[in-house]
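First comes the structure, then the notes that go with it.
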Amino acid sequence: MKHKIFFIFPIWVFILVLPHHSQPKYDSLITSIKELANSEKINILSNLCWEYRSQTPRLAIQYGLAAIDLMGSGEAQGPKSEVFNYLGIIYGNLGKLDSAFYYYNRAINIAREIKDSLQIAYSLNNIGDYYFKAALYSIALENILDALEIFDKLGNEKGTAYTLNDIGEIYLKQLDYEKALDYFTRSGLIRFSLNDGRGYAKSLINQASTLAKLGENGLALETYYKAIEYSRSSKYIKGESWGLAGIGDIHYERGMFSEALKNRLKSLEIDRRIENKYGEIMNYNQIGSIYLEKNNLIEAARYLKTAMLESRSTGYIDQLMINQDLLRKLSLKQKDYKNAYKYLESYESLRDSIFSLEDANKIADLQSAFIAERNEREKEFLKKDVELQKTTRNYLIVIFFLIASAAVLLVTKYRSEKKINKELQKANDGLNELNAQKDKLLSIIGHDLKNPAGSIRNFLELLHDEFDDLNDGEKKEYINFSYEASKNLISLLSELLEWGSLNRGLIDIEMADVDINEMMSGIKNLLEPSAKEKEIEIKVDNCAENVWTDKNMLNTVIRNLVNNAIKFTGKGGEITISCRAYKDSKIISIKDTGVGIKKESIADLFRIDKSTSTLGTENETGTGLGLPICKEFVDKCGGEISVESEVGFGSTFIVKLPQEQHSSL
């Protein structure tokens, strides 16, 4: 055993000292440790994987994979879960989010199998980080809060600090700066107490970034310099890059563009060296923005186009959103108004998907639920403690008939409260639904009305300011853009009024025998010009039946469904409208060969509080109200509406109307 100890000692000295000078070569290291036991090799390779995750990530991956190979399918499943998490973190830093997600899932599956709570928590936190980087903030928070609960139960302060920091980052992205700063500060205090220099540096960087957002530039600058100091002393290279980038941003805000550029270029150089892909993209965007301010449009275009390509290939949606807004500004400076409008539409679409009202509400709900659950646990513990003391002190003087009386009273009170609570819950559910509908309506009025109105204003402003400099073709193009935006505005107002009238009971139902063939022919003639623009053929098949329904409501439903089919069907596609009798019902179907609908989205298509507007195959816009209105109209007529769809293979919307013998009435 002695000779093995003497053999291991120089290897560990080699590993611990080397990071300060150079990185160990993979082949030479493998040769050096080949005589060691497997468990010792695994330990060394795992530590090196983590040690070099920021400095030389691809070498770190080699060490991690070598450790996994040595583990095989034997007993070392705990370390395997840990190394899979390491690999996921490294791939995430490299911008390979799909690979990161793959390794995080392998890590959590193993951890759950062996009931390793600590690795389950780290895996959940890492999965949350994956969703955060993909700009899916509510799902990210859900996973991170689950991780925080486990870390709290284990009393693991290091893990708790990680999760608090990540929750802060979500609130920072959601522009809730006060909450973000609170979480960063709490995370930093824990990391400082644990003497975790690297983690403390990261918390300081986030605190500084939030302080800058709150307008505290002086304090933010001081905090960035402190973060850089801790980053350098703890060999946290990425932290130094973040710090330089933040200092550059403060110089930018102060109009010191040369200083801002110098710091950002230093940050970019570090991020390229350590392959920190997210940092690279942020720097490309910000450097492009600085060159825009300096009016160097060639350099601005070079950096911003690089940022666009990188953010699209990696899936960093938040940076793509920032990039599209900067490219819009660049296009305006270049007087390329067509591209400016294209980038504006892309920016607003990305912003809506990232900062949706539903997402913000879900984040608030998750946070409230977590706090409520924690408080409830604490109250339950205190309650039990008090009850125990009370019982111990008073058990000798408790009289049987008082206990019986109390029990009767409690049962009576419980039954009464249960009944009241049930009624309150029922009323509350109805109120929640009404509030959801109100929020949706306010969201549409606040955003969807603003967009087309804003577009009209922007193009008219361009025409007003640049009229003499524009040629006839450009003038016509901007007038066309304004015309299309005004059509969208009128369509939205019409649907809002229709939905409002329906919900206030202002639309009467007039049931009658309706010639469905005549109705379908009219709808086809009305919408065929729009279909022909996309080379789509509309077919009306077997619609000779009469249908007992409200004519105006059914017309609105079918028109909406066919219009939707045109929107989501590509050039050369086909739409078929058909009608058939089935038992005591008439079935009307609208089938298209379009893009189809994801299974997880189908359940929310007809809900007013969940519906969203999606761009069509040629970027056609909508309101998100059409399908919920269709459902309400069909419901009013006593029918049902459903959809069958597969992504890439089109959709079929089915309207089923009951056909009892009404025609004799």
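The values are calculated or read from the model by the stated rules, or taken from the named source; none is laboratory data. The model shown is predicted, which means the values in this text are computed figures rather than measured ones. Neighbour counts run over all protein chains shown; Cβ positions are idealised from the backbone, glycine included.
Brief remarks follow.
- Selection of first residues in the range 614-632 that are outside the structural domain of Thr569 (by TED's automatic domain parsing) and farther than 25 Å from Gly648 by Cβ and of second residues that are assigned to a helix (DSSP H, G or I) and modelled with pLDDT under 70, restricted to Cβ pairs under 9 Å at least 6 apart or on distinct chains, gives an empty result.
- Top-ranked residue of the range 596-646 - restricted to ones that are touching a helix residue (DSSP H, G or I) at 6+ places or on another chain (Cβ under 6 Å) and more than 24 Å from Pro658 (Cα to Cα), ranked as modelled with the highest pLDDT: Gly616
- From the list Asn285, Asn295, the lone residue that is more than 21 Å from Ala60 (Cβ to Cβ), in contact (Cβ under 8 Å) with a residue 24 or more places away in the chain, in a loop (DSSP other than H, G, I, E, B) and not acidic (Asp, Glu) is Asn295.
- Within the range 92-101, the set of residues being free of Cβ contacts under 8 Å to residues at least 40 places away in the same chain and crowded, with 22+ Cβ neighbours inside 10 Å comprises Ala100 only.
- Residue check for Lys96: under 30 Å from Ile270 (Cα atoms) and modelled with pLDDT under 85: yes
- Screening Asp166, Asp146 for residues that are part of a helix (DSSP H, G or I), of a type in the set (Asp, Glu) and under 20 Å from Ile317 (Cα atoms) leaves exactly one candidate, Asp166.
- Residue among Ile558, Ile538 that alone is touching a Leu at 6+ places or on another chain (Cβ under 9 Å), of a type in the set (A, V, I, L, M, F, W, C) and under 11 Å from Ile590 (Cα atoms): Ile538
- Within the range 226-279, the set of residues being closer than 16 Å to Ala201 by Cα, among the charged types (D, E, K, R) and assigned to a helix (DSSP H, G or I) comprises Lys226, Glu229, Arg232, Lys238, Glu240.
- In a residue-by-residue description of the range 57-69, the property of being buried (at least 22 other Cβ atoms within 10 Å of the Cβ), closer than 25 Å to Lys153 by Cα and modelled with pLDDT of 85 or more applies to no position.
- Residue in the range 529-544 that is free of Cβ contacts under 8 Å to residues at least 40 places away in the same chain, among the aliphatic types (A, V, I, L, M), out of contact with any Lys or Arg (no Cβ under 6 Å at 6 or more places or on another chain) and buried (at least 19 other Cβ atoms within 10 Å of the Cβ) present: yes
- The range 570-585 - residue that is of a type outside the set (A, V, I, L, M) and in a strand (DSSP E or B) and, of those, surrounded by the most Cβ atoms within 10 Å (Cβ to Cβ): Cys579
- Evaluation of Ser32 against (1) small (Gly, Ala, Ser); (2) modelled with pLDDT of 80 or more; (3) over 27 Å from Ser99 (Cβ atoms) (one fails), failing number: (2)
- Qualifying residue in the range 333-346 (condition: in a helix (DSSP H, G or I) and closer than 28 Å to Asn206 by Cβ): no
- Gly243 being within 24 Å of Ile287 (Cβ to Cβ) and surrounded by fewer than 16 Cβ atoms within 10 Å (Cβ to Cβ): no
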